[in-house]
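Q: Can you keep this structure in mind? I'll have questions shortly.
The values are calculated or read from the model by the stated rules, or taken from the named source; none is laboratory data. Everything quoted here is computed from the prediction, not taken from an experiment. For neighbour counting, all protein chains shown are included, and Cβ atoms are generated from backbone atoms with ideal geometry for every residue, glycine included. With ligands, DNA and RNA removed, areas are computed over all heavy atoms of the protein, side chains included. Shrake-Rupley method; radii C 1.70, N 1.55, O 1.52, S 1.80 Å.
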Amino acid sequence: MRAVLGLAAGLATGLVWATPAQAQAPNYAIDPTHTFVNYENGHYGTTTNRGRFSTKDGTLFFDRANQQGKVEIIIDISTVNTGVDFLNRQIQGKDFFNVADHPTGSFVSDKFVFNGDKVSEVQGRLTLKGKTHPVVLKALKFNCYVNPLHRREVCGGDFETVIMRSQWDILWGLQFGFEDDVRLLIQVEAIKMQ
């Protein structure tokens, strides 16, 4: 549900605090073909509902040597895909994300925590339905490599967090079996600009 984790995409970039004096122009572009927010939400204590959101846009400033950077990722809420057309329409509707009034979500961060030269967590702000709350994304894996197709460096990883959807006023089903906790699994890759 809270796939808004476009935010997660922000994860794929490792940063520590970037002060105004350190502010830099983006040097990586989020790759929308490799950046998605997946969600898992419990359903009556039996099964898990799953879905995926695509990203619309995003940029990253990443300086591994100095362990700093910042990221902004825009999530296209209208792209939700659960594998069930009826459920997709319901999630886009007023009971959930109200895509007519809030077609996008975002994740913004200027604090990445490193363990050695790898990003271990990204602390940022997730905006859904016009409401913004802090979110911490934990890195499950993170790496940078030279992509043989692009011949440029690509940095990315898998990140996860658990949010309470009620913080963003996504309340439908709470009273009859749908859980408030939503696990977000975010895969993100960013390609170094030339």
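Q: Across segment 154-165, what is the number of residues that are at pLDDT 95 or above and either in a strand (DSSP E or B) or open to solvent by 40 Å² or more (accessible area, probe 1.4 Å) (or both)? Walk me through how you get there before you give the answer.
A: In the first step, residues of segment 154-165 are kept if they are at pLDDT 95 or above; the result is 154, 158-165.
Among the residues that remain, those that are also either in a strand (DSSP E or B) or open to solvent by 40 Å² or more (accessible area, probe 1.4 Å) (or both) are: 154, 158-164.
So the answer is 8.
Q: Can you give me the number of residues within segment 67-77 that are over 18 Å from residue 145 (Cα atoms) and open to solvent by 50 Å² or more (accessible area, probe 1.4 Å)?
A: Counting residues in segment 67-77 that are over 18 Å from residue 145 (Cα atoms) and open to solvent by 50 Å² or more (accessible area, probe 1.4 Å) gives 2.
Q: To continue, here is another question. Is it the case that residue 173 is open to solvent by less than 40 Å² (accessible area, probe 1.4 Å) and under 15 Å from the mean Cα position of the chain (by Cα)? It would help to see each step written out before you state the result.
A: Values: open to solvent by less than 40 Å² (accessible area, probe 1.4 Å): yes; under 15 Å from the mean Cα position of the chain (by Cα): no.
When the stated conditions are applied, residue 173 does not pass them.
Q: If you scan segment 46-91, which residues turn out to be under 15 Å from residue 35 (Cβ atoms) and of a type in the set (Lys, Arg)?
A: Scanning segment 46-91 gives 52, 56.
Q: Then there is this: What is the one condition in (1) over 17 Å from the mean Cα position of the chain (by Cα); (2) part of a strand (DSSP E or B); (3) surrounded by fewer than 16 Cβ atoms within 10 Å (Cβ to Cβ) that residue 140 does not satisfy?
A: Residue 140 satisfies every listed condition except (1).
Q: Another question about this same structure. Is it the case that segment 92-105 has a residue that's touching a helix residue (DSSP H, G or I) at 6+ places or on another chain (Cβ under 6 Å), among the aliphatic types (A, V, I, L, M), part of a loop (DSSP other than H, G, I, E, B) and open to solvent by 20 Å² or more (accessible area, probe 1.4 Å)?
A: Yes; the residues of segment 92-105 include at least one that is touching a helix residue (DSSP H, G or I) at 6+ places or on another chain (Cβ under 6 Å), among the aliphatic types (A, V, I, L, M), part of a loop (DSSP other than H, G, I, E, B) and open to solvent by 20 Å² or more (accessible area, probe 1.4 Å).
Q: Would you check which residues across segment 176-194 are of a type in the set (A, V, I, L, M, F, W, C) and either surrounded by 16 or more Cβ atoms within 10 Å (Cβ to Cβ) or not in a helix (DSSP H, G or I) (or both) and list them?
A: Initially, segment 176-194 is screened for residues of a type in the set (A, V, I, L, M, F, W, C), giving 176, 178, 182, 184-186, 188, 190-191, 193.
Within segment 176-194, 178, 182, 184, 185, 186, 188, 190, 191, 193 meet the criteria.
Q: Which of (1) open to solvent by 20 Å² or more (accessible area, probe 1.4 Å); (2) aliphatic (A, V, I, L, M); (3) part of a strand (DSSP E or B) does residue 122 not meet, given it meets every other one?
A: (1)
Q: Related question: Can you report the number of residues in segment 106-120 which are without any contact (Cβ under 8 Å) to a residue 24 or more places away in the chain and within 15 Å of residue 184 (Cβ to Cβ)?
A: 0
Q: So, one more: Can you go through 41, 49 and tell me which one is at pLDDT 50 or above and open to solvent by less than 10 Å² (accessible area, probe 1.4 Å)? Give the derivation first.
A: Values: 49 fails: open to solvent by less than 10 Å² (accessible area, probe 1.4 Å).
Going through 41, 49 in turn, just one is at pLDDT 50 or above and open to solvent by less than 10 Å² (accessible area, probe 1.4 Å): 41.
Q: Would you check if residue 129 is in contact with a His (Cβ under 8 Å, 6 or more places away or on another chain), open to solvent by 20 Å² or more (accessible area, probe 1.4 Å), modelled with pLDDT of 95 or more and not hydroxyl-bearing (Ser, Thr, Tyr)?
A: Yes, satisfied.
Q: Return yes or no: is residue 116 in contact with a His (Cβ under 9 Å, 6 or more places away or on another chain), open to solvent by 40 Å² or more (accessible area, probe 1.4 Å), at positive phi and of a type outside the set (Val, Ile, Thr)?
A: On the way: in contact with a His (Cβ under 9 Å, 6 or more places away or on another chain): no; open to solvent by 40 Å² or more (accessible area, probe 1.4 Å): yes; at positive phi: yes; of a type outside the set (Val, Ile, Thr): yes.
Spelling it out, it is not the case that residue 116 is in contact with a His (Cβ under 9 Å, 6 or more places away or on another chain), open to solvent by 40 Å² or more (accessible area, probe 1.4 Å), at positive phi and of a type outside the set (Val, Ile, Thr).
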